[in-house]
Amino acid sequence: MSSDYRSRITTPDEALSAVRSGQSVYIHNGCAEPVELVKALTRRGAELSDVTVIHMATMGIADYSLPEYEGHFRHNALFIGGNVRAAVQEGRADYTPIFLSEIESLFHSGALPVDVCLLQCTPPDAYGYMSVGPSVDASLTAAQCAKHLIVEINDQMPRTFGDTFLHVSRADAFIETSHPLSEYPKHAVTDLHRAIARHVAPLIPDGATIQTGIGGIPEAVLGLLRDHKDLGIHSEMVPDSVVELIQAGVINNERKTLHPRKVIAGFVLGTKLLFDFIDNNPIFEFHRTAYANDPFVIAQNERMVALNSAIEVDLTGQVCADSMGPTPYSGIGGQVDFLRGAARSKGGLPIITLPSTAKDGTVSRIVPHLRAGAGVVTSRGDVHYVITEHGVAYLHGKNLRQRAEALIRIADPKFRDELEAWARQARLIPPAHAIAI
């Protein structure tokens, strides 16, 4: 361990005195948010102006995005989390749409400079190496590119393996804390989620490698895989639900064609159950998202299954997944990275799932055209499977008429006539052509 490590331990407020007006500050993502450093940063708000705060979704606090800090801090969201959504939607924060796999290149190139990085790590080992725990994602690269690095040492941080380690000599200041990590509660699984999952699970073969997104539908799908064999995981994110499947031997990674016998992930989102399970667990191998989300890496997994969600899908197959019309809601994330990787995988399955309706069944999510201003996260050329509770639409290689017909068949029955009438008026479907429902 570096002999001067102890000399760089200080208080949160003293550590954050390094931040200057006009600088950019990167915050460790997800459940690894260094909350004590974030609190200290926010306390400095009145003294600072025009400080850019950069991160993907964080599961803890984000008080720097509150109205009273406007002009002092401005958040730049690389993926919009719930704790900053209001600030982005009200114009007090920014959203940068970008593939997760390409975020780190912005740091390396200087297109998105990082003046100060706030990181949370395990205590250093005998050799002076700290683990970044449950979130490698883009944070390790941000730390290495930052001009000034401040580390919150938390003895409750899980120590994880893979590309997760940083030497104490790289940090300018440390604070020591002991507190539970910020959690991402497990989503409730509804009957609707299970109905969608019942169309997904039979498509997944034994020996598949799976990527899951966030929410009740992926949780429901994982819950229906208990009779599968030799499943593997290669995913940007891993949720609580994998713990039971690993313990049951369903996920053993034995038949993976890339990184066999290892769960590959960029980060985890979950609760203490998951944090305890990944702690010093050699089955987990964490990598930066520039690697884990690289479509060319993903495609090396045979039978790669990518499960992602949508807000709405139009009748030609365009997918909106990051906005409600022009209003930003979440982010591009890894959806396109994994759909493209799965599409190029031998036996791969790129899947978009969504409920057929929203707002208690009053609005169809299979739509004639995306709402004005909606972002096209996944183009019609990238879409293969779209699945609702009403069935499976396979769109790859299909013409616009076939796509419209397939998507109308999986729309909620009460909206099918309306969708069909629009499709005929738009000449997607010939006037005399009957759709088999």
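Summary table
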| quantity | calculated |
| --- | --- |
| Hey, F286 of a type outside the set (V, I, T), touching a Cys at 6+ places or on another chain (Cβ under 8 Å) and either over 29 Å from L354 (Cβ atoms) or open to solvent by less than 10 Å² (accessible area, probe 1.4 Å) (or both) or not | no |
| Residues of the stretch 115-144 that turn out to be of a type outside the set (A, V, I, L, M, F, W, C), open to solvent by less than 10 Å² (accessible area, probe 1.4 Å) and touching a helix residue (DSSP H, G or I) at 6+ places or on another chain (Cβ under 9 Å), as a count | 6 |
| Unique match (being small (G, A, S), modelled with pLDDT under 95, in contact with a helix residue (DSSP H, G or I) (Cβ under 9 Å, 6 or more places away or on another chain) and under 22 Å from C145 (Cβ atoms)) among S21, S2 | S2 |
| Close pairs (7 angstrom Cβ cut-off, 6 or more residues apart or separate chains): outside any helix (DSSP H, G or I) in the stretch 329-344, among the aromatic types (F, W, Y) anywhere | S330/F79; G331/F79; I332/F99; G333/F79 |
| Test: E236 is assigned to a strand (DSSP E or B) and either over 18 Å from V132 (Cα atoms) or of a type outside the set (G, A, S) (or both) | yes |
| Given (1) within 22 Å of the chain's Cα centre (by Cα); (2) in a loop (DSSP other than H, G, I, E, B); (3) closer than 23 Å to A40 by Cα, number of the condition L112 does not satisfy | (3) |
| From the options I196, I217, I210, residue that is open to solvent by less than 40 Å² (accessible area, probe 1.4 Å), touching a strand residue (DSSP E or B) at 6+ places or on another chain (Cβ under 6 Å), touching a residue at least 24 places away in the same chain (Cβ under 8 Å) and in a strand (DSSP E or B) | I210 |
| Residue, nearest to V151 (Cα to Cα), within the stretch 87-105, restricted to residues that are among the hydrophobic types (A, V, I, L, M, F, W, C) and open to solvent by less than 40 Å² (accessible area, probe 1.4 Å) | I103 |
| Scan of the stretch 396-432 for residues that are polar (S, T, N, Q) and either in contact (Cβ under 8 Å) with a residue 24 or more places away in the chain or open to solvent by 80 Å² or more (accessible area, probe 1.4 Å) (or both), ordered by number | Q425 |
| Residue within the stretch 35-58 that is crowded, with 20+ Cβ neighbours inside 10 Å, within 28 Å of the chain's Cα centre (by Cα), modelled with pLDDT of 95 or more and part of a loop (DSSP other than H, G, I, E, B) present | yes |
| Candidates N76, N83, filtered to the one that is assigned to a strand (DSSP E or B) and open to solvent by 10 Å² or more (accessible area, probe 1.4 Å) | N76 |
| Sole residue being under 30 Å from R380 (Cβ atoms) and in contact with a Leu (Cβ under 6 Å, 6 or more places away or on another chain), chosen from A220, A306, A292 | A306 |
| Residues of the stretch 53-75 satisfying the condition of being out of contact with any Phe, Trp or Tyr (no Cβ under 8 Å at 6 or more places or on another chain) and more than 18 Å from C31 (Cα to Cα) | L66, P67, E68, Y69, E70, G71, R74 |
| Test: residue in the stretch 245-255 that is under 22 Å from T378 (Cβ atoms), open to solvent by 30 Å² or more (accessible area, probe 1.4 Å), among the aliphatic types (A, V, I, L, M) and out of contact with any Phe, Trp or Tyr (no Cβ under 7 Å at 6 or more places or on another chain) | no |
| Residue, farthest from S105 (Cα to Cα), within the stretch 302-328, restricted to residues that are part of a loop (DSSP other than H, G, I, E, B), open to solvent by less than 10 Å² (accessible area, probe 1.4 Å) and touching a helix residue (DSSP H, G or I) at 6+ places or on another chain (Cβ under 8 Å) | L315 |
| Scan of the stretch 279-293 for residues that are among the β-branched types (V, I, T) and in contact (Cβ under 8 Å) with a residue 40 or more places away in the chain, ordered by number | T289 |
| Of all residues in the stretch 3-26 being more than 30 Å from A93 (Cα to Cα) and in a helix (DSSP H, G or I), the one that is nearest to the chain's Cα centre (by Cα) | R8 |
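The values are calculated or read from the model by the stated rules, or taken from the named source; none is laboratory data. Computed from a predicted model, the values in this text were never measured in an experiment. Positions of Cβ are backbone-derived with ideal geometry, glycine not excepted, and every protein chain shown enters the neighbour counts. Side chains are part of the model used for accessible areas, which takes the heavy atoms of the whole protein and leaves out ligands, DNA and RNA. Shrake-Rupley method; radii C 1.70, N 1.55, O 1.52, S 1.80 Å.
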